[in-house]
Structure formats: structure tokens, C-alpha cells
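**Student:** Next up is a structure, given as C-alpha cells.
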């Protein structure tokens, strides 16, 4: 077989893969996307940019004359979705799905796709983002201010893919979150850590907070305590987690504490005999610590 034929075959395989890949992304077809990636990725990564096909297959709908109807609203939404599709040239799959997530977050949890299908936001987008992350999707910092996490009088704006995944799988009972964190800890030398990661963990995934802090140490926690001030409940959680880390035999989990005040928890921490040993160990880990 000639070099030219091999080259042409490889090109055809890659283009077929990309065509199917983008079809599954734009139609939010999680199962098909997983099947496609499991068969092998001839491109070698999932960070390639979207190029609008000349024959995209999505047809604009003419507007209805007269009074508003559900059909006219659906068609208007589909036309807007096709506009988004055509204007997404050069974006990665993560960026496109992130945009969809922001639309759902700021609407009625419904999304109209370029195909005209209306889907209800039920975690499908986040699962597709997670699938791409496991396949090496880059955690590019998009700084999408429209995506906001609000709970217990506190606000967080995730600025990368890892933060969004932490926040959206906090109530998962299928083992997805555990698999995500295990993989994240394996990638500790390749990950970019953002300050809001610690906030998201404290608010949404306290179970993994101490291990995350151990893997990605902080030099100071002052900014976290300042951020926690509006919520005594989360401030209590932070002190409890610190005590669990300090003396895990006495306090295995945050549920092993009585209902005591922030001041009492702080005094318990500062007066604990293990504090001296912890302070003595700090210089040894100095090179690994992140000063935020």
C-alpha cells in the first residue's frame, strides 16, 4: 500500500470520526458519544476545534404570521440554536457544551437544539463534559460569569471545567464523583488549581476537601474563612474539617461533632496538641504549597 493511500485512509477515518463526534455533541447524545470514544479516537485528543460543515443538515424554520403559539416559539428557538451552531466555528466541544450549560442555568432549564428537539436540563450536559474530561479535555479558563453557584448565602463562579464538574456531581450516588476525584488526584502534577476549587469543595463536596488539601496544599486559609463569614454553617464545616484532618481517630467525619459554635470549634483546633506537630512539619512541604 502506497504512502498516499495510507494518508488518504487515515484522513478519511479522522474526518468520519469528527463528523460523528460533532453530531453527538450538538444532539446531546451521551450514549453515542461514549460508544464512539470507546471504539478509539484516531485524532488522538478531544480538544480539536469545531469547523462548521457546508451542509450542516439543520434547516431554518420560517416564522409564523399572526399570533404567538408554542410551535412558533419552538421554531424561533430552533433558529436561534442554529445561529449558535453556525457561530461556534473554532470552539472546542467543552466550550460549546459550557455555553449550553450557561443557557440552561440562566433559563427555565430547557434547551432547544439545532435539530429542533427541546431537552430538559437533567445532567446530560455535565455527564458529557465529564466524559470529555476523562478523555483529556483541557480545562481552559473561560471565566463565564453567568455560571454561578449559590448556596448558604455564599456565591462561587467556577472558571474551569474541574470546578464545574465538582459542583454538579456533589449529590451523585453512582460512583461518578469518586471516579472523577481518583483520576484528578492521579493528575496532580498536570492540573491547574484555582482558588474557587477549595470553596466549591467546602460547599458541595466536603467529603473530599481534606484529601484535596493534602494533594494541593494551601499556605494560608485566610481567604476561605473570609469567604465563609456570611454563613456560620459553612464556617463550622470548615473548622470541623480541619479538626477531622488534625485528629481523624477522634473525629472520623464532620458528623462526629456535637452542635457547637464556631468559636468553640476554633478553640478546640487552636488548643489541640497536634497543632505543634503540624506546624513543625510545614517547612517540609513548603515547595508544594500554593499561596492564594
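The values are calculated or read from the model by the stated rules, or taken from the named source; none is laboratory data. Because the structure is a prediction, the values reported are computed rather than measured. Cβ: placed from backbone, ideal geometry, glycine included. Neighbour counts: every protein chain shown.
**Student:** I'm trying to understand the selection: among the residues of the stretch 19-32, which are within 18 Å of the chain's Cα centre (by Cα) and farther than 15 Å from residue 81 by Cα?
**Tutor:** 30
**Student:** Among the residues of the stretch 215-223, is there at least one that is at pLDDT 90 or above, within 31 Å of the chain's Cα centre (by Cα) and either within 24 Å of residue 135 (Cβ to Cβ) or not assigned by TED's automatic domain parsing to the domain that holds residue 158 (or both)?
**Tutor:** Looking for residues that are at pLDDT 90 or above, within 31 Å of the chain's Cα centre (by Cα) and either within 24 Å of residue 135 (Cβ to Cβ) or not assigned by TED's automatic domain parsing to the domain that holds residue 158 (or both), one finds at least one in the stretch 215-223, hence yes.
**Student:** If you go through the stretch 152-159 one residue at a time, do you hit one that is touching a helix residue (DSSP H, G or I) at 6+ places or on another chain (Cβ under 8 Å), farther than 20 Å from residue 98 by Cα and either assigned to a helix (DSSP H, G or I) or modelled with pLDDT under 90 (or both)?
**Tutor:** Within the stretch 152-159, one or more residues are touching a helix residue (DSSP H, G or I) at 6+ places or on another chain (Cβ under 8 Å), farther than 20 Å from residue 98 by Cα and either assigned to a helix (DSSP H, G or I) or modelled with pLDDT under 90 (or both).
**Student:** Considering 206, 217, which residue is crowded, with 18+ Cβ neighbours inside 10 Å, touching a helix residue (DSSP H, G or I) at 6+ places or on another chain (Cβ under 7 Å) and within 30 Å of residue 136 (Cα to Cα)?
**Tutor:** It is 206.
**Student:** Which of the residues belonging to the stretch 123-146 are over 27 Å from residue 44 (Cβ atoms) and either modelled with pLDDT of 80 or more or buried (at least 21 other Cβ atoms within 10 Å of the Cβ) (or both)?
**Tutor:** Within the stretch 123-146, just 123 meets the criteria.
**Student:** May I ask you to list pairs of residues, at least six apart or on different chains, whose Cβ atoms are under 9 Å apart, with the first in the stretch 1-21 being surrounded by fewer than 11 Cβ atoms within 10 Å (Cβ to Cβ) and the second being part of a helix (DSSP H, G or I) and modelled with pLDDT under 90?
**Tutor:** 1/9
**Student:** Looking at the stretch 221-228, can you tell me whether even one residue there is in a loop (DSSP other than H, G, I, E, B), in contact (Cβ under 8 Å) with a residue 40 or more places away in the chain and within 22 Å of residue 251 (Cβ to Cβ)?
**Tutor:** no
**Student:** Given the condition in the same structural domain as residue 23 (by TED's automatic domain parsing) and modelled with pLDDT of 75 or more, answer yes or no: does some residue in the stretch 59-69 qualify?
**Tutor:** yes
**Student:** Further question: With the condition kept exactly as written, say whether any residue in the stretch 237-258 is surrounded by fewer than 11 Cβ atoms within 10 Å (Cβ to Cβ), at pLDDT 85 or above, in the same structural domain as residue 204 (by TED's automatic domain parsing) and more than 22 Å from residue 208 (Cα to Cα).
**Tutor:** No, every residue in the stretch 237-258 fails to be surrounded by fewer than 11 Cβ atoms within 10 Å (Cβ to Cβ), at pLDDT 85 or above, in the same structural domain as residue 204 (by TED's automatic domain parsing) and more than 22 Å from residue 208 (Cα to Cα).
**Student:** For the stretch 193-200, indicate whether the set of residues that are in the same structural domain as residue 169 (by TED's automatic domain parsing), part of a loop (DSSP other than H, G, I, E, B) and closer than 21 Å to residue 273 by Cα is non-empty.
**Tutor:** Within the stretch 193-200 (the criterion being in the same structural domain as residue 169 (by TED's automatic domain parsing), part of a loop (DSSP other than H, G, I, E, B) and closer than 21 Å to residue 273 by Cα), the answer is no, since none of the residues qualifies.
**Student:** Given (1) under 24 Å from residue 19 (Cα atoms); (2) modelled with pLDDT under 85, where does residue 85 come up short, assuming only one miss?
**Tutor:** Status for residue 85: all satisfied but (2).
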